[in-house]
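What follows is a set of notes on a single structure, which appears directly below.
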Amino acid sequence: MQADVKVFVADYESRADLSVFKVDYESRVGENDGNWFFVDYASRADKKIFFVDYASQADLIIFFTDYNSRSVWKKKEKIHFFY
């Protein structure tokens, strides 16, 4: 399987390109708004993500937020990875 996007998870929100909120239900995923739902099978995914160990390897740096209201693009020039 090939990944569509290589992602690094930052320890601090200020270092992220995108703050991501993990939603509980697929129906709560928005239109490229940082609300993500993880599926069990690659065939069900809209985008295949590979988590890398170093920020320098990543296409996108994310931060997992605990609040839906904080899921937001911080660097809009990277938004194209999810279209």
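The values are calculated or read from the model by the stated rules, or taken from the named source; none is laboratory data. Source: prediction; values computed, not measured. For neighbour counting, all protein chains shown are included, and Cβ atoms are generated from backbone atoms with ideal geometry for every residue, glycine included. Ligands, DNA and RNA are stripped out before the accessible areas are found, and what is left, the full protein with its side chains, is counted by its heavy atoms. Shrake-Rupley method; radii C 1.70, N 1.55, O 1.52, S 1.80 Å.
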Output for Cβ contacts, cut-off 9 Å, separation at least six or different chains, first residue in a strand (DSSP E or B) in the stretch 62-77, second among the hydroxyl-bearing types (Ser, Thr, Tyr), reads Ile62/Ser19; Phe63/Tyr12; Phe63/Ser14; Phe63/Ser19; Phe64/Ser19; Trp73/Ser19
Quick one: Lys22 ticks every box in (1) more than 12 Å from Val5 (Cβ to Cβ); (2) in contact with an Asp or Glu (Cβ under 8 Å, 6 or more places away or on another chain); (3) among the basic types (Lys, Arg) bar one, so which box is it? (2)
Of the residues in the stretch 1-28, those that are open to solvent by 50 Å² or more (accessible area, probe 1.4 Å) and either assigned to a loop (DSSP other than H, G, I, E, B) or free of Cβ contacts under 8 Å to residues at least 24 places away in the same chain (or both) come to Met1, Gln2, Asp4, Asp11, Tyr12, Ser14, Asp24, Tyr25, Glu26, Ser27, Arg28
Output for the stretch 40-68, where each listed residue is farther than 12 Å from Lys22 by Cβ and open to solvent by 100 Å² or more (accessible area, probe 1.4 Å): Asp40, Tyr41, Ser43, Arg44, Asp46, Phe50, Asp53, Tyr54, Ser56
With respect to Glu31, determine if the residue is assigned to a loop (DSSP other than H, G, I, E, B), modelled with pLDDT under 95 and either among the charged types (D, E, K, R) or surrounded by 10 or more Cβ atoms within 10 Å (Cβ to Cβ) (or both). yes
Residue count for the stretch 10-53, restricted to those that are within 12 Å of the chain's Cα centre (by Cα) and under 15 Å from Lys78 (Cα atoms): 10
Taking Val52 as the residue in question, decide whether it is at pLDDT 95 or above and touching a Leu at 6+ places or on another chain (Cβ under 9 Å). no
Which number in (1) open to solvent by 60 Å² or more (accessible area, probe 1.4 Å); (2) within 22 Å of Asp11 (Cβ to Cβ); (3) modelled with pLDDT under 95 marks the one condition that Phe81 misses? (1)
